[in-house]
1. Lysine pairs, Cα distance under 30 Å, 8 or more residues apart or cross-chain: how many in the protein assembly as shown?
2. How much accessible area per residue does the stretch B:37-149 have, in Å², with a 1.4 Å probe?
3. Which one of B:PHE281, B:GLY226, B:GLY205 has its Cα pushed farthest toward the positive end of the charge dipole of the stretch B:178-293, where Lys and Arg give +1 and Asp and Glu give -1 at the Cβ?
4. Report ³J(HN,Hα) in whole Hz for each residue of the stretch B:14-24, in order, from the Karplus equation J = 6.51 cos²θ - 1.76 cosθ + 1.60 where θ = phi - 60°; Gly and Pro get x.
5. Along the charge dipole of the stretch B:21-160, which of B:GLY32, B:PHE137, B:GLN151 sits closest to the positive end, that is, farthest toward it, with unit charges on the beta carbon of Lys, Arg, Asp and Glu (+1, +1, -1, -1)?
6. What is the sum of charges, Lys and Arg at +1 and Asp and Glu at -1, for the other residues whose Cβ falls under 11 Å from the Cβ of B:GLY102?
7. What does the average come to when, for each residue of peptide B:225-232, you count the partner chain Cβ atoms lying within 10 Å of its Cβ?
8. Rank-order B:240-251, A:2-13, B:98-109, B:223-234 by packing density, defined as the average count of other C-beta atoms within 10 Å over each peptide's residues, highest first.
Amino acid sequence: MKEVLEILLLIAAPLAWGLFVEWLFELLRRRRTNTAGGNHTTSDDGTG
Amino acid sequence: MMGLDDIQAYLQGPALLAALAGFGLIIGILTGMFGVGGGFMVVPLLKLIFGIDYQLAVGSSLCFTIGASASGAARHMRLRNFEPRSMAILAPASMIGAMLGGTLNDILKSHVDAEMYTQSMHGLFVVMLLATAYVTFSGAGKEAGRRSLLQTIVLGPRINLPAAKLAGISLPGLVSLGVFIGMMTGMMGIGGGVLYVPLLILVVGLSPHVAVGTSLGVVLFGSIAGTVKYGMIGQVSLIVAMSLLIGSAVGIQIGAHVCKKMSGTRLRQSFAGMVFLLAVFIAADFVRNLLTD
């Protein structure tokens, strides 16, 4: 049982890290895109 | 001047982990750009520079490749550089091929001198890499719309690869391709992605960008199978693998971004150049071993 868990860890750890980093970079990219697209000037009466 | 023994003595503890992370960054860039898992560089350099035992280097490299290829494949999927149907066929085919290759490897090794056999396989691998580099480079700039080998061979049934807009691909041909590459990796221990990318372009007809992403998906499954095999004999260091992954995580994003910016022709030419350099590196190591025997 212990050996099975060790092998599962050898697969799960790098897999989880790889997918987590990809997700993180995608999140950063989307935030950068949203920030760039959301820079609108408000109208004179302040209603946006 | 610092010799290799001095470098290995210096690289202990945190210095070793930092060096592995830096090394992983470079490997990650190649993974993101070219769809290779990095095993072909990681194994010899772990052995040569870090002094890690060969089997442990192979096992740790395979574990590292799980993370690198998963990250790269996910990134290329978002960029739509991915052909899922071909990946679903090639992944199990190459795992079967790897098992056959590993078995054939063991049988041949028991009948011939092990050292001579290993040197012969390295020599064969150098020849294959040079042929791959030449064919990939000379194929660059070919006109679009030309039918691939798997579209022209008379061997059905046939399938379509809608994500790559390819029709009439020979299914037995595709399966055979996966088994063949799997056998090469099983016999030589390296060469999954570095063989997949050019063969997906030249034999299947995928565009270079889609070949890169699809290759990473196939390599992911192969590396999981390989990690299980080496994990069962205690030849995987999670510390080494995760240290490499810390650096490669950033490198892959850089590599995938650069890949997106390159034209298909330039990507193929660059890939051919990388494969050629790899062949030279392995040939140099091969000659060095021959001269010291």
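1. Number of lysine pairs found: 10.
2. 47
3. After comparing all options, I get B:GLY205.
4. Calculated HN-Hα couplings, in order: x, 4, 5, 5, 5, 5, 4, 5, x, 4, x Hz.
5. My answer, from the dipole projection, is B:GLN151.
6. Taking every Cβ under 11 Å from that of B:GLY102, the sum is +1.
7. 3
8. Descending packing order for the listed peptides: B:240-251, B:223-234, B:98-109, A:2-13.
The values are calculated or read from the model by the stated rules, or taken from the named source; none is laboratory data. Since the model is a prediction, treat every value here as computed from it, not as a measurement. Neighbour counts run over all protein chains shown; Cβ positions are idealised from the backbone, glycine included. Areas reflect the complete protein model, heavy atoms only, side chains present, ligands, DNA and RNA absent. Shrake-Rupley method; radii C 1.70, N 1.55, O 1.52, S 1.80 Å.
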